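Single-structure report; data block below.
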Amino acid sequence: MTPPSFTAPANRAPPRNEPKMLDWILLTVPPAPAMFAQLLVGLINGAFYAMLSLGLAVIFGLLNIINFAHGAQYMLGAFCAWFLLNALGLGYWPALILAPIIVGAAGIAIERLLLRHIYGLDHLYGLLLTFGLALIIEGVFRQQFGSSGLPYAIPPELQGGRNLGFMFLPNYRAWVIVASIAVCLATWFTIERTRLGAYLRAATENPVLVQAFGINVPRMITLTYGAGVALAALAGVMAAPIYQVSPLMGSNIIITVFAVVVIGGMGSILGAIVSGFALGLVEGLTKVFYPEASSTVIFVVMALVLLIKPAGFFGRAR
Amino acid sequence: MAAVLIGLALVAPFILYPVFVMEALCFALFACAFNLLIGYVGLLSFGHAAFFGSAAYVTAHTVKVWGLPPELGILAGAAVAALLGTVVGWLAIRRQGIYFAMITLALAQMVYFVALQAHFTGGEDGIQAVPRGKLLGVVDLSDTLAMYYFVLAVFLIGFAVIVRTVHSPFGQIIKAIRENEPRAVSLGYDADRYKLLAFILSAGLSGLAGSLKSLVFQLASLTDVQWTMSGEVVLMTLVGGLGTVLGPVVGAFFLTAMQHYLAQLGSWVTVVQGIIFVFCVLVFRRGIVGVIASYFTARRKPPGISPAATERPAEARTAAAPGAS
């Protein structure tokens, strides 16, 4: 009864690129498990949408920059984990901590060296600058590693899975869902419930006034960008065993995440989380009922939301 | 100056590789159409590949499968692009600034997925071996020179339309919207309507460029609708100079030449493009033509998406003073 494709999830490419696999799942297993399996895939995708749109929202809140390089930094996180494993022999768990730190530090360098110079300009220049950065990062990795993916094994502690009766749940996927929810809630808690978060929200509203109160706003901006980038890298490490480690993994996901951000609006942290998971589920459900539309459904939802509620579900009009 | 440039364009196929000049002219038209939005309305569309690519597909399909003559195929492509532009523009102008860019990017990605899955586009292969046909049943376009002068003529028509638009009362209004939208609205202009019209015009002309390109290369492929194409047209306009009339043309020639020279370097081309992006945004926001123009006259409008007042340095104004008097 269990769909065999989920016993070896390590080598699965992103589902959107594999309509054949999808058709095969739909043909070979009964509808109910297929539906739960697709919902699980949707939930996993949603976890990544949520983490990435969360990072975008945090960065946008303080820097007023849409970080186009977010996808590339997510890809860097996955590659960082791969390097740590293959060059230094450090496995998944150290990578989960080290990769975000390394990539986050690179993000801090980017902020100090490049982004700092364009804060006075129109917001669109931030988009163009980070788009250029994304091209550079992706081009270098594509030159070195080609377009095909590199495998990254699931850590031994999380291999295998359990049968829930109605479906088979691989342990690693369960971990990704739980961990991403924890990360999202921790971020929400930090921003909405701690003193540091209060400074952050205040600086989002009025940086000059906050600086007048003696808070080092430029440093806060730097650290915020670093944290947002680290969040993307963390998502990248978590994604590495599910999707392959590929130079293109970032640009594949980032445009979808932009649509998620337009739907949710960047006004609220909770909004980014909820819309990320919800749209992952919508995508999963579409795969069950009308697989041809699964790659476009999020964009259709975005168009509908623009018609009904142009500011997005959780957004403030801008 | 215009006469000199047109003269150069007329003899260009005898000096340079004609296909290169044709490619550059197609991209120049594309970039000019894009610049109409970013430079004069201040809207950054990150999804213009959708119009370029869909028109390329429509022209390739109608000419190859339906057997339409090239002029009708091109008109069909441009019409479909304008229609698509109506829908995309109608949705996207509901939001401003950064959201506008993200919406156009996302909708263009949707067009990409449709092109990937639809049957008539040929998926990963694209539509190959598109016949160039006979223009008006007389001129055989498979002859490279004939094709070249046809491309040049279409480019000049498209360019003339853009220049005329920019200097028309309509152009004055869209520039007013760029500078201060609430004020334009308070003066009684329906800003959204003007933005949408400009968007449709830009999309249609981008489509014209895409249609031409599919005839020149006899190919319509996924590259034409991909987000990298949208990025390239942004880069061409940025390099040449946002909001300058000739900037996009210069940028298109510059980047097409660069791609020809660096073609064997593979993905390094992307890296170089990224570096140019970063360089332009950090220190070269006026672009090639913008910088040259500021030496001669400072009457040029400042780049569209820059906060105009801080962007225009004092030196530009003083340099202009002798010329102005």
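The values are calculated or read from the model by the stated rules, or taken from the named source; none is laboratory data. Here the structure is a predicted model, which is why all the values come from computation and not from measurement. When we count neighbours, we look across all protein chains shown, and the Cβ atoms used for this are built from the backbone with ideal geometry, even at glycine.
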Flagged in the range B:119-160 as in a helix (DSSP H, G or I) and touching a helix residue (DSSP H, G or I) at 6+ places or on another chain (Cβ under 7 Å), in numbering order, are B:THR144, B:LEU145, B:MET147, B:TYR148, B:VAL151, B:LEU152, B:VAL154, B:PHE155, B:GLY158, B:PHE159
Going through (1) in contact (Cβ under 8 Å) with a residue 12 or more places away in the chain; (2) within 14 Å of chain B (Cβ to nearest Cβ); (3) among the polar types (S, T, N, Q) one by one, A:SER180 fails only at (2)
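Buried (at least 18 other Cβ atoms within 10 Å of the Cβ) and farther than 19 Å from A:THR187 by Cβ: is that true of A:PHE83 in this structure?
On the way: buried (at least 18 other Cβ atoms within 10 Å of the Cβ): no; farther than 19 Å from A:THR187 by Cβ: yes.
Taking the combined requirement at face value, the residue does not satisfy it.
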Kindly indicate whether any position in the range B:64-79 is touching a strand residue (DSSP E or B) at 6+ places or on another chain (Cβ under 7 Å) and either charged (D, E, K, R) or within 14 Å of chain A (Cβ to nearest Cβ) (or both).
yes
Expected output for the range B:265-277 (first residue touching a residue at least 40 places away in the same chain (Cβ under 8 Å) and more than 7 Å from every other protein chain (Cβ to nearest Cβ), partner in a helix (DSSP H, G or I) and not aromatic (Phe, Trp, Tyr), Cβ below 7 Å, 6+ apart or cross-chain) is B:ILE276/B:LEU235; B:ILE276/B:VAL239
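Can you report the number of residues in the range B:119-148 which are hydroxyl-bearing (Ser, Thr, Tyr) and crowded, with 19+ Cβ neighbours inside 10 Å?
Step one: of the range B:119-148, the residues hydroxyl-bearing (Ser, Thr, Tyr) are B:121, B:142, B:144, B:148.
Pick out the ones that are also crowded, with 19+ Cβ neighbours inside 10 Å and you get B:121, B:148.
Residues in the range B:119-148 being hydroxyl-bearing (Ser, Thr, Tyr) and crowded, with 19+ Cβ neighbours inside 10 Å: 2 in total.
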Among helices (runs of 4 or more DSSP H) entirely inside the range B:1-112, those with 1 or more residues being within 30 Å of A:SER294 (Cβ to Cβ) and hydroxyl-bearing (Ser, Thr, Tyr) are B:49-64, B:70-92
Counting only helices (runs of 4 or more DSSP H) wholly inside the range A:100-212, the ones holding at least 3 residues that are of a type outside the set (Ser, Thr, Tyr) and within 19 Å of the chain's Cα centre (by Cα) are A:123-145, A:171-193
Exercise. Somewhere in the range A:211-221, is a residue away from chain B (no Cβ under 14 Å), modelled with pLDDT of 90 or more and within 25 Å of A:ALA153 (Cβ to Cβ)?
Worked result: no
Subset of the range B:213-243, residues assigned to a loop (DSSP other than H, G, I, E, B) and surrounded by fewer than 24 Cβ atoms within 10 Å (Cβ to Cβ), comes to B:GLN218, B:LEU219, B:SER221, B:GLN226
Of the residues in the range A:96-133, those that are facing chain B (nearest Cβ under 7 Å) and among the small types (Gly, Ala, Ser) come to A:GLY120, A:GLY132
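Residues are listed down the side, and each one gets a yes or a no for (1) surrounded by 15 or more Cβ atoms within 10 Å (Cβ to Cβ); (2) in contact with a Gly (Cβ under 8 Å, 6 or more places away or on another chain); (3) aromatic (Phe, Trp, Tyr); (4) farther than 30 Å from B:LEU242 by Cβ:
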| position | (1), (2), (3), (4) |
| --- | --- |
| A:ILE97 | no, no, no, yes |
| A:LEU127 | yes, no, no, no |
| A:ALA179 | yes, no, no, yes |
| A:THR187 | yes, no, no, yes |
| A:ILE191 | yes, yes, no, yes |
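If I ask for residues that are within 12 Å of chain A (Cβ to nearest Cβ) and of a type in the set (Gly, Ala, Ser), which ones from the range B:215-253 would you list? Full working, then the answer.
First pass over the range B:215-253, keeping only residues within 12 Å of chain A (Cβ to nearest Cβ): B:226-228, B:230-232, B:234-235, B:237-239, B:242.
Across the range B:215-253, the qualifying residues are B:SER230, B:GLY231.
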**Prompt:** So is A:LEU158 within 25 Å of A:GLY42 (Cβ to Cβ), more than 14 Å from chain B (Cβ to nearest Cβ) and buried (at least 16 other Cβ atoms within 10 Å of the Cβ) or not?
**Reply:** yes
Listed by first then second residue, the pairs whose first member lies in the range A:47-76 and is in contact (Cβ under 8 Å) with a residue 60 or more places away in the chain and assigned to a loop (DSSP other than H, G, I, E, B), whose partner is of a type in the set (S, T, N, Q) and crowded, with 24+ Cβ neighbours inside 10 Å, with beta carbons under 9 Å and at least 6 positions apart or on separate chains, are A:ILE65/A:THR130; A:ILE66/A:THR130; A:ASN67/A:GLN73; A:ASN67/A:THR130; A:PHE68/A:THR130; A:ALA69/A:THR130
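Taking B:ALA33 as the residue in question, decide whether it is buried (at least 24 other Cβ atoms within 10 Å of the Cβ), at pLDDT 90 or above and either under 18 Å from B:THR223 (Cα atoms) or within 13 Å of chain A (Cβ to nearest Cβ) (or both). Working first, answer last.
Details: buried (at least 24 other Cβ atoms within 10 Å of the Cβ): yes; at pLDDT 90 or above: yes; either under 18 Å from B:THR223 (Cα atoms) or within 13 Å of chain A (Cβ to nearest Cβ) (or both): no.
Against the criterion (buried (at least 24 other Cβ atoms within 10 Å of the Cβ), at pLDDT 90 or above and either under 18 Å from B:THR223 (Cα atoms) or within 13 Å of chain A (Cβ to nearest Cβ) (or both)), B:ALA33 does not qualify.
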The lone condition B:TRP268 fails out of (1) surrounded by fewer than 24 Cβ atoms within 10 Å (Cβ to Cβ); (2) within 15 Å of B:LEU29 (Cβ to Cβ) is (2)
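Report whether or not B:ILE93 is touching a His at 6+ places or on another chain (Cβ under 6 Å) and either within 14 Å of another protein chain (Cβ to nearest Cβ) or without any contact (Cβ under 8 Å) to a residue 24 or more places away in the chain (or both). Reasoning before the result, please.
Working: touching a His at 6+ places or on another chain (Cβ under 6 Å): no; either within 14 Å of another protein chain (Cβ to nearest Cβ) or without any contact (Cβ under 8 Å) to a residue 24 or more places away in the chain (or both): yes.
No: the conditions fail for B:ILE93.
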**B:ALA191 of a type in the set (A, V, I, L, M, F, W, C), surrounded by fewer than 24 Cβ atoms within 10 Å (Cβ to Cβ) and in contact with a helix residue (DSSP H, G or I) (Cβ under 6 Å, 6 or more places away or on another chain)** = yes
Listed by first then second residue, the pairs whose first member lies in the range A:201-213 and is over 15 Å from A:TYR225 (Cα atoms), whose partner is at pLDDT 85 or above and part of a loop (DSSP other than H, G, I, E, B), with beta carbons under 9 Å and at least 6 positions apart or on separate chains, are A:ALA202/A:PHE213; A:ALA202/A:ILE215
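Looking at B:LEU107, B:LEU116, which one is touching a helix residue (DSSP H, G or I) at 6+ places or on another chain (Cβ under 7 Å), crowded, with 21+ Cβ neighbours inside 10 Å and either more than 18 Å from B:PHE217 (Cα to Cα) or away from every other protein chain (no Cβ under 14 Å) (or both)?
Details: B:LEU116 fails: crowded, with 21+ Cβ neighbours inside 10 Å.
After ruling out the rest, the residue left standing is B:LEU107.
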The helices (runs of 4 or more DSSP H) lying entirely within the range A:235-318 that contain at least 3 residues which are within 14 Å of another protein chain (Cβ to nearest Cβ) and without any contact (Cβ under 8 Å) to a residue 40 or more places away in the chain are A:297-308
